[in-house]
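Let me begin by presenting the structure, written as structure tokens, before commenting on it.
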Amino acid sequence: MAGNNSQAGFLDRLSDFVVTFVCWIYFIFAFLFFFSFFYIAAFFFSRDRERAFQYIDHLFFKGFLWLLRVLAPCHKWDIDPEISNIRGSIIVCNHLSYLDPLIFISLWKRQKTIVKTKFFQIPIFGWFVKNSGYLPSTTEGVHAKRMIEQVENMGEFLKNGGNLFVFPEGTRNQDDKLGDFHKGVFKIGRMYRCPIHVLHLCNTDKLFTPGKFFFNTRVDNRIRMKVLACVEVVNAKEKVSAAALEKEVRQIFESRSSSREEIE
């Protein structure tokens, strides 16, 4: 019995290593020998560089997640089809794993998000983040101008069907207790009176656990993403404050995400 458990453990670790290795191969070689040419062409020749970069990002991560699904079939995916049809909205969702933003990018051809400021400073990666039109998480220092420009252009972006997805706690949360929300996204929602879709995501951390390098490929798991509610700011009869929007979204999370039966 001990020998069987040892062998099973070895096979689990081997599977985790192989899948992680193949995914990194995709990241490196698919980018270098395929997608990089499209990024370069978009940078020099596209009339709308930001839109072109977002579309290439979408294709790149869609391919990555397809590969991950094939290589880790123990993980089942249940993403509400309604989510991929959302347009011109702010999306707020809980955050469990580094996989989460990749999933959102793979869902929509036009998407923006708020990125930690330090990522803008990383060579090459920061170049992609800037050209994709993502927003820095701070309004201080050299990034203040970029944030102001992005917020000013957000109305046109949303009007043309783009989505701004945000993890309002600003970091990964491994329990059901909500942390403080960043208020900037609610100010944008109030400013442009766009719908705010509240989503709940679960179990991505079981596939890619925070603090670990390898994917957990042999765990039976179901990754779910559901729409909890939509706050229709555009139809509000009176002006709504950012604080009121934040409070309403928090109440949705607290009342709906705490109910396991409703979500799963």
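Laboratory data are not the source of any read-out in this text; all were calculated from the coordinates shown. Model, not experiment: these values are computed from the prediction. Methodologically, a virtual Cβ is constructed for each residue, glycine included, from the backbone with ideal geometry; neighbour enumeration extends over all protein chains shown.
List of remarks:
- What the phi angles of the stretch 104-120 give under the Karplus curve with 6.51, -1.76 and 1.60, with θ = phi - 60°, is a coupling list of 5, 4, 6, 7, 10, 6, 10, 8, 9, 8, 9, 10, 4, 4, 4, 5, 5 Hz, glycine and proline written as x.
- Close Lys pairs in the stretch 1-141, defined as Cα atoms under 23 Å apart and 8 or more places apart or on different chains, number 9.
- The chain: C-alpha gyration tensor shape, a/c 1.5 cut-off, then a/b vs b/c: oblate
- Segment Lys206-Glu149, length gained on full extension (0.36 nm per residue, minus Cα span): 16.8 nm
- Rounded to 5, percent antiparallel among DSSP beta bridges of the chain: 30
- Exposure proxy for Leu67, Leu207: other Cβ atoms within 10 Å of each Cβ, ordered fewest to most, give Leu67, Leu207.
- For the stretch 68-132 and the stretch 186-219, distance of Cα centres in Å: 8
- Only helices enter this figure: runs of n ≥ 4 DSSP H residues, each worth -39500 (n - 2.57), summed and divided by the residues of the chain, yield -14000 deg cm²/dmol at 222 nm to the nearest 500.
- Nearest-20 debye value, the stretch 2-263 charge dipole, Cβ charges on Lys, Arg, Asp, Glu: 480
- Nearest 10 degrees, 0 to 90: helix 2-25 Cα axis against the chain principal axis: 40
- Ordering Glu140, Glu169 by the number of other Cβ atoms within 10 Å of each residue's own Cβ, fewest first, gives Glu140, Glu169.
- Ranked Val115, Val18, Val70, criterion: other C-beta atoms within 10 Å, fewest first: Val70, Val18, Val115
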